[in-house]
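Structure first, then comments.
Just so you know, all these numbers are worked out from the coordinates, no wet-lab data involved. Keep in mind it's a predicted model, so treat the numbers as computed, not measured. No Cβ is skipped: glycine too gets one built from the backbone with ideal geometry, and neighbour counts run over all protein chains shown.
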Amino acid sequence: MPLIFLNGGAMRGGPLNYLLEGASFAGEAKTAAQYRFYSVGDRFPGLHPVAYGGVPIAGELYDVPMEVLRNRLLPSKSPDLELGVIALDDNRSVFSMMLRRPALSDPQLVDITDFGSWQSYKEEIAR
């Protein structure tokens, strides 16, 4: 089964974690320092690959059956996201949801890269 890196609401304790029923938690992970991280209207995060200025972003890995990916995760994703392949800080390549290129022009997009994780950003805006 393929590994998928998740960094938003489907992580443990998140409101979308139920979508992963049938998938096994495979551990915490960080991306390679090749990505910027954005909040889309404070509803969900998205990764975007960059040549310079990227940082490691924290998330979780799941061993996802293709049926879960096809029938639950992909149908529930925002149209601003697409399935892609990212690099982890240990040089593995895994699936992840990434921002679609046109989404980068969305006025609701906020660069949250310096927070390093969706949880850190959400905690900050909840203050």
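The charge dipole of region 36-127, taken about its Cα centre with unit charges on the Cβ atoms of Lys, Arg (+1), Asp and Glu (-1) only, comes to about 280 debye. Between the residues P65, F37, G54, the greatest Cα displacement towards the positive end of the dipole of the chain, with unit charges on the Cβ of Lys, Arg, Asp and Glu, is found for P65.
Mean separation of Cα pairs under 8 Å and 6 or more residues apart, divided by the residue count, gives the chain a relative contact order of 32 percent.
Place a label point 7 angstrom from the Cα of S76 along the Cα-to-Cβ direction, then list the residues of region 1-17 whose backbone nitrogen is under 16 Å away. The answer is 4-17, whose backbone nitrogens lie closer than 16 Å to the label point. For region 1-93, state which GluC sites (Glu not before Pro) are in a DSSP loop and have at most 16 other beta carbons lying within 10 Å of their beta carbon. Taking region 1-93 and a limit of 16 other Cβ atoms within 10 Å, the loop GluC sites (Glu not before Pro) found are E21. Dividing the Cα radius of gyration of region 1-85 by its Kirkwood radius returns 0.95 for Rg/Rh.
For region 9-68, the set of chymotrypsin sites (Phe, Trp or Tyr not before Pro) satisfying both a DSSP loop assignment and a count of at most 11 other C-beta atoms within 10 Å is given as Y52. With a ≥ b ≥ c the root eigenvalues of the C-alpha gyration tensor of region 69-117, is it rounded (a/c under 1.5), prolate (a/b larger than b/c) or oblate? Note, shape of region 69-117 comes out oblate. Over the chain, DSSP H runs of length four or greater, each weighted -39,500 (n - 2.57), average out per residue to a 222 nm ellipticity of -2000 deg cm²/dmol. Between R43 and R127, what length comes free when the chain is fully extended (0.36 nm per residue of separation minus the Cα-Cα distance, one decimal in nm)? Once the chain is fully extended between R43 and R127, it gains 28.6 nm.
Using a simple spin-label model with pseudo-atoms 7 Å out from Cα toward Cβ, L16 and L83 lie 1.4 nm apart.
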